[in-house]
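The values are calculated or read from the model by the stated rules, or taken from the named source; none is laboratory data. Not measured: the values here are computed from a predicted model. All Cβ positions, even for glycine, are placed from backbone atoms using ideal geometry, and neighbour counts span all protein chains on display. Heavy atoms of the whole protein, side chains included, go into the accessibility calculation; ligands, DNA and RNA do not. Shrake-Rupley method; radii C 1.70, N 1.55, O 1.52, S 1.80 Å.
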Amino acid sequence: MPDKIIGFSKLSRDEKIRWVTKNYLDNSNVFESILNKYLNDDEDIQSIHNSLSENAVSNFYLPYSISPNFLINNKNYCVPLVTEESSVVAALSNSSKFWYDRGGFKSKVISKIKTGQVHFKYNGNAENLEKFTNENKHRLIEATDRITEKMRERGGGISKIQLINRSTELNSYYQLHVDFKTIDSMGANFINSCLEIIANKFNQLMNDSPHFKESEKNLEVIMSILSNYTPECIVESSLECKIGDLGNIYGISPKEFALRFKGAFDIANIDINRAVTHNKGIMNGIDAVLISTGNDFRAVEAGVHAFASRKGKYKSLSECSIIDNIFKISLKIPLSIGTVGGITDVHPMVKLSLQLLKNPTSDDLMNIICSVGLAQNFAAVKSLVTTGIQKGHMKMHLINLLIKQNANKDQIDKSEEYFRDKDINSQSVKDFLDQN
Ligand code: MEV
């Protein structure tokens, strides 16, 4: 086992690679050689990537794919997607094409408030604290004026500060709960900076205040941080058509298909085993757009799954209804994203994605992302209640199995025809390679 290393980040790239190779990879030079293959020849691009993360020694590629025909609020989008899951883009393209001829997606942003909290402990009189907070809210907001100036010019900024007393649940625990409007940015840095200023000012005002006894001036700020739970930053997309317009799907009548499809949604609504997988399918599409547009998919994932449990039980995020002969599915999710700030104007591929989407506002991008999530959900459940998921999955996975077993180009070219009517699995791929 190697000794603990101090100052790894200070080593040069070569030194870092040498150290890792010596200590973890038996001095094999394969590590360095593969890392080098993945470096970009363009020094400017490589230096952007190096600057994105500490200790970066190479790049990690994922496929960058395109899914056309996304008709959203009557606008036709070509959506950039970054995902390693082979069937996701095929499923999305299938879904977007299907719904293009049936009116496309309708989508709207319902609300766009983000929040953050100053979490603190206070041992004095609760009413005193409440009165003091109400009297000083404007001072707390004024303290952030310098950093909120640009955001206020664009119509955003801090919209509300509330004191929340949670001392019955946790001894002496209170929050300053702050609402923000961050317009086209996700706003994480903006929110966190404001909260830290508010926390300092709150502390200072309390120390200077004549309203508190000396013994009460013992406010202890635990932390100041945005919340990735954004139930007031919501978008909803839907798809609908007459049942008959669904057409025959894999030989199943439209009515039967609609009923089977709704049956699957009903299950996801009551059973957590199914709900989590149902929602994972939705996130397959959502994450792929979040990554291609440089958004924080971890933040969205965390917020979305908490939202799925907002009624005290984890449920499906999407809904399906059949009313008066109309088949409808909809998806309502919290989405805190941005089209400016972060890496949106740093990462060349992210800039390209936003250009491809015609430089969307954050509202536009929320509508696109939610629609893509719904499209993915439709495609997955459509397969599940008809052919089963493995048919499409394994077809897309065939190429992975072939590459894993060192197929040559000729074998890969022949494989599609060969497997058209056969099961695809490791053994059948091995048999095919032995024979061809
Ligand atoms: C696989 O990545 C996603 C699905 O499992 C989603 C679903 O079951 O709805 C196919």
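Some observations on this one:
- Computed extension length for ASP345-GLU135: 71.6 nm, one decimal, from 0.36 nm per residue of separation with the Cα-Cα distance subtracted.
- Loop-located GluC sites (Glu not before Pro) in the stretch 1-79 whose Cβ has at most 13 other Cβ within 10 Å (DSSP): GLU54
- Each label point was placed 7 Å from the Cα along the Cα-to-Cβ direction; for ASN76 and ASN55 their separation is 4.9 nm.
- Residue-normalised accessible area of the stretch 8-51, expressed per residue, 1.4 Å probe, Å²: 76 Å²
- Helical content alone sets the calculated 222 nm signal of the chain at -15500 deg cm²/dmol, taking -39,500 (n - 2.57) per DSSP H segment of four or more residues and averaging over every residue.
- Note on SER426: accessible area approximately 70 square angstrom, rounded to 10, probe 1.4 Å, nucleic acids and ligands left out.
- GLY124 sits among other residues whose Cβ lies under 13 Å from its own Cβ, and their net charge, with Lys and Arg +1 and Asp and Glu -1, is -1.
- Only Lys, Arg, Asp and Glu carry charge here, each on its Cβ (+1 for the first two, -1 for the last two); on that basis the stretch 61-149 has a dipole of about 300 debye about its Cα centre.
- Rounded to the nearest whole angstrom, the semi-axes of the ellipsoid equivalent to the chain, taken from the Cα gyration tensor as √(5λ), stand at 45, 33, 20, largest first.
- 21 Å Cα-Cα threshold exceeded, pairs from LYS108/LYS160; LYS332/LYS395; LYS409/LYS430; LYS315/LYS395: LYS108/LYS160; LYS332/LYS395; LYS315/LYS395
- FRET efficiency for GLU232 and ASP363, using Cβ-Cβ distance with R0 set to 25 Å, rounded to 0.05: 0.95
- Here, P(r) means the percent of Cα pairs in each 5 Å bin from 0 to the largest distance; for the stretch 114-226 it is 2, 12, 24, 24, 17, 10, 7, 3, 0.
- Projected label distance in nm at GLN427 and ASN171, using a 7 Å step from Cα toward the beta-carbon: 6.3 nm
- Cut-off 11 Å between beta-carbons: net charge of the residues surrounding GLU32, Lys and Arg +1, Asp and Glu -1: +3
- Nearest-0.05 FRET efficiency for GLN204 and LYS311, computed from C-beta distance (R0 41 Å): 0.50
- Efficiency of FRET from Cβ geometry, ASP14 and LYS414, R₀ 30 Å, rounded to 0.05: 0.10
- The stretch 183-276: Lys pairs at Cα distance under 23 angstrom, eight or more positions apart or on different chains: 4
- For the stretch 320-387, the alpha carbon convex hull comes to 130 Å³ per residue, rounded to a whole number.
- Taken over the Cα atoms of the stretch 393-435, the convex hull encloses 63 Å³ per residue.
- Within the stretch 244-280: backbone nitrogen closer than 16 Å to the ASP324 label point (7 Å, Cα to C-beta): 244
- The charge dipole of the chain, taken about its Cα centre with unit charges on the Cβ atoms of Lys, Arg (+1), Asp and Glu (-1) only, comes to about 940 debye.
- Taking the Cα centre of the stretch 8-51 as reference, the dipole from Cβ charges on Lys and Arg (+1) and Asp and Glu (-1) amounts to some 320 debye.
- Pairwise Cα inverse-distance average, inverted: Kirkwood Rh of the stretch 160-272 (Å): 19.4 Å
- Start at zero, step by 5 Å, and the Cα-Cα distances of the stretch 1-159 spread as 1, 6, 8, 9, 8, 8, 9, 11, 11, 11, 10, 6, 2, 0 percent across the bins.
- Of the residues HIS138, HIS347, ranked by 1.4 Å probe accessible area with the largest first, the sequence reads HIS138, HIS347.
- At 0.890 mPa s and 25 °C, Stokes D of the stretch 325-436 from Kirkwood alpha-carbon radius, µm² per second: 138 µm²/s
- Taking a ≥ b ≥ c as the square roots of the eigenvalues of the alpha carbon gyration tensor, the stretch 8-51 is oblate, as a/c is not under 1.5 and a/b does not beat b/c.
- Linear extension gain, ASN400 paired with LEU25, 0.36 nm per residue minus alpha-carbon span: 132.4 nm
- Stretchable slack from ASP266 to ILE147, in nm (0.36 nm times residue separation minus alpha-carbon distance): 38.1 nm
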